[in-house]
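Beneath this line is the structure, given in structure tokens, with notes to follow.
The values are calculated or read from the model by the stated rules, or taken from the named source; none is laboratory data. No experiment lies behind these values; they were computed from the predicted model shown. Cβ coordinates were reconstructed from backbone atoms using ideal geometry, including for glycine residues, and neighbour counts include every protein chain displayed.
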Amino acid sequence: MNYYQPEIECASQEQIRAWQDERLVAQVKHVYENVPYYRNLMQEKGLTPDDIKGREDLHKLPFLTKNDLREAYPYGLLAVPTSECVRIQSTSGTTGKRVVAFYTQEDVNLWEDCCARAITAVGGTKEDVCQVAYGYGLFTGGPGLNGGSHKVGCLTLPMSSGNTERQIQFMRDLHATILCCTPSYAAYIGETVKEMGLTPEDLDLKAGIFGAEPWTEEMRRDIEKSLGLKAYDIYGLTETSGPGVSFECTEQKGMHINEDHFIAEIIDPETGEVLPDGEKGELVFTSITKKAFPLLRYRTRDICVLDRTPCACGRTHVRMSKPMGRSDDMLIIRGVNVFPSQIETVLLEKGYSPNYQILVDRVKNTDTLDINVELNPDQFSDTVKEISAREAALANDIKTVLGINPKIHLVAPKTITRSEGKAVRVIDKRKLHD
Amino acid sequence: MSLKQISVFLENKKGQLAEVSALLGGNNINLHALSIADTQDFGILRLIAENPEAVAAVIKDAGYICTLTDVIAVSVPHTPGSLAHIVQILSEGGVDIEYTYAFAAADDDRAYMVFRVSDNMTAAALLGGEGLKTLSEKDLFVK
């Protein structure tokens, strides 16, 4: 078993708790003194840093949401002078105003440690060739894994995303053994490998680290088959640093949260109440080591479960489940809660491509749900009757899961915009009318 | 005797047919027959052309979904009642017709019918028994 920082990754629960208590107290003081925006939020609740003596007091602190980040854009949550900062990263800004996160040199250093732990956990060593096909630039994916790969000592291929045939050529010529990218891009690389007349045996890949997007177990199996590797999940968000907040080990049973840097809580998204471990709710993170952009109790909107049972890999840090949906990805259609991941699961079960697009609209005061799904070549029949029957059968399968009837449109392969960054899965036109 | 029809999945949107037509023309592919079945969302383009395997490969390479389908083609007198006659033979013989399309040339006294049926062998035998020959690629394309 390989660890990047065994003394931290396998520390006792008591040790982890001691680090968290000490670092939280110092962090609250740092934020209170340097971030007027958060100081105001604390004062509104009648809190001073003296009220936070350890993790048991964490629940007293106010939450931060994406809205706070937008309101405080760009410098409102910065806790050190910009002269101490060496880097910014930013979100894609698809859901509104961009979020800009700042890093000191030490923040970058610790973030890269987290990514190095993730690469080591999937078997990465200095003997490996690590191809980073996440986007480079403002997006955290490329820079994070690139830094982690350097720390492990892998030969790093800083490919960024796109130009898929060139990716595959480098992958073959330089014998890449680890691939890091979004899961939808990994699936696309897998399809392209096949189209080029190659098989997984033509590649040397052994492990893939795929994150920044929701993906299902079915998609994991598809990617593992098409690229001949073991596919691992990694989690993170720009607001907390980037990828590496948590990562999967070879057990593939949840992602270990780097608890020496982040305290995780699960709350009831309606009431804000902290829920016990093992209950499903919204994940909330508190950064306890970041200096430039230290968010306290940041609501991720990701719905998941924490698991503190011991992991066979030897790591002691708590594991989080794959996010089961986002409290703000959830669509309410005709009064029914719909998560895009539910639709994806049905598509993969029924042998369809994981490339789909959900279109929600409102016609004459009734919500409509249309789903475009790419037809696989082997599902094509030359009679209208059979294709229409396929559409009807798929609509019925989805209705069984969602409880509402969608209209299915089978479309030609590769016509749904594919992500080299993030996939646009949902188009909700209803917002345009409100 | 059956014939290979090239079947192509098209989305029902502007320019799709123009794109495929340009592709075929650009690759010097001459069409002998064509039919389109369409719904609100998609269409199926059905083509008869010489060397169907090569034509299908060109279409697939361009990124379309395309398959080869066995159909039968029959040459009949270009006179009223020919279609009714064939349909009756097939129907009485228990062969279902999925779809059919036809073409005829003014300088010819024959019309050609293409059928997608439930059972090609039975259909060919039934028609043959009535003196109606089903055509092969050779009959259609070699002058």
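Looking only at the stretch B:73-83, decide whether some residue is part of a helix (DSSP H, G or I) and within 14 Å of chain A (Cβ to nearest Cβ). Checked against the condition, which is being part of a helix (DSSP H, G or I) and within 14 Å of chain A (Cβ to nearest Cβ), the stretch B:73-83 yields no hits at all. As for the stretch B:75-93, it holds at least one residue that is outside the structural domain of B:Ala18 (by TED's automatic domain parsing), of a type in the set (Asp, Glu) and over 16 Å from the mean Cα position of the chain (by Cα). Of all residues in the stretch A:153-174, those that are at positive phi have Cβ atoms under 8 Å from Cβ atoms of residues that are among the aliphatic types (A, V, I, L, M), 6 or more apart or on another chain, in A:Ser160/A:Val132; A:Ser160/A:Ala133. A:Asp277 satisfies every condition listed in (1) charged (D, E, K, R); (2) in a loop (DSSP other than H, G, I, E, B); (3) modelled with pLDDT of 95 or more except (3). Would you point out the residue of the stretch A:372-395, among those that are away from chain B (no Cβ under 12 Å) and under 23 Å from A:Met330 (Cβ atoms), that is surrounded by the most Cβ atoms within 10 Å (Cβ to Cβ)? Selected residue: A:Leu394. Consider the stretch A:131-152 and keep the residues that are closer than 22 Å to A:Cys313 by Cα and not charged (D, E, K, R). The one that is farthest from the chain's Cα centre (by Cα) is A:Val152. Listed residues A:Asn163, A:Asn146; which is within 29 Å of A:Tyr73 (Cβ to Cβ) and either of a type in the set (S, T, N, Q) or touching a Ser or Thr at 6+ places or on another chain (Cβ under 9 Å) (or both)? When all the criteria are applied, what remains is A:Asn146.
If the condition is being of a type in the set (S, T, N, Q) and without any contact (Cβ under 8 Å) to a residue 40 or more places away in the chain, then the stretch A:241-263 contributes only A:Gln252.
Give the number of residues within the stretch A:354-371 that are crowded, with 19+ Cβ neighbours inside 10 Å and either more than 14 Å from every other protein chain (Cβ to nearest Cβ) or within 24 Å of B:Ala62 (Cβ to Cβ) (or both). Don't jump to the end; show me each part of the working.
If we filter the stretch A:354-371 for residues that are crowded, with 19+ Cβ neighbours inside 10 Å, which is where we start, we get A:354-358, A:360, A:369, A:371.
Keeping just the survivors that are either more than 14 Å from every other protein chain (Cβ to nearest Cβ) or within 24 Å of B:Ala62 (Cβ to Cβ) (or both) gives A:354-358, A:360, A:369.
Of the residues in that region, 7 qualify.
Limited to the stretch B:15-54, what total is found for residues that are under 14 Å from the mean Cα position of the chain (by Cα) and part of a helix (DSSP H, G or I)? The number of residues fulfilling the criteria is 1.
Have a look at B:Leu3, B:Leu45 and point out the one that is surrounded by 15 or more Cβ atoms within 10 Å (Cβ to Cβ), at pLDDT 90 or above and under 23 Å from B:Leu140 (Cα atoms). Reasoning before the result, please.
Values: B:Leu3 fails: at pLDDT 90 or above.
Checking each option against the conditions leaves just B:Leu45.
Could you please let me know if A:Thr182 is touching a residue at least 40 places away in the same chain (Cβ under 8 Å), surrounded by fewer than 21 Cβ atoms within 10 Å (Cβ to Cβ), farther than 12 Å from A:Leu205 by Cα and not hydrophobic (A, V, I, L, M, F, W, C)? Judged against the criteria, A:Thr182 is not a match. If you filter the stretch A:121-130 down to residues that are buried (at least 24 other Cβ atoms within 10 Å of the Cβ) and not in a loop (DSSP other than H, G, I, E, B), you find that the one that is farthest from the chain's Cα centre (by Cα) is A:Cys130. Restricted to the stretch A:310-344, and to residues there that are surrounded by fewer than 18 Cβ atoms within 10 Å (Cβ to Cβ) and of a type in the set (Val, Ile, Thr), the residue that is nearest to A:Leu394 (Cα to Cα) is A:Val336. Condition test on B:Thr122, is it more than 15 Å from the chain's Cα centre (by Cα), at pLDDT 90 or above, surrounded by fewer than 17 Cβ atoms within 10 Å (Cβ to Cβ) and not assigned by TED's automatic domain parsing to the domain that holds B:Leu31? So B:Thr122 fits the description; yes.
Residues that are at pLDDT 95 or above, under 24 Å from A:Pro243 (Cβ atoms) and touching a Lys or Arg at 6+ places or on another chain (Cβ under 8 Å) within the stretch A:59-104 comprise A:Phe63, A:Leu64, A:Ala79, A:Val80, A:Glu84, A:Phe102, A:Tyr103, A:Thr104, listed in sequence order. Taken over the stretch A:200-222, the criterion of being farther than 26 Å from A:Glu112 by Cα and in a helix (DSSP H, G or I) is satisfied by A:Pro200, A:Glu201, A:Asp202, A:Glu217, A:Glu218, A:Met219, A:Arg221, A:Asp222.
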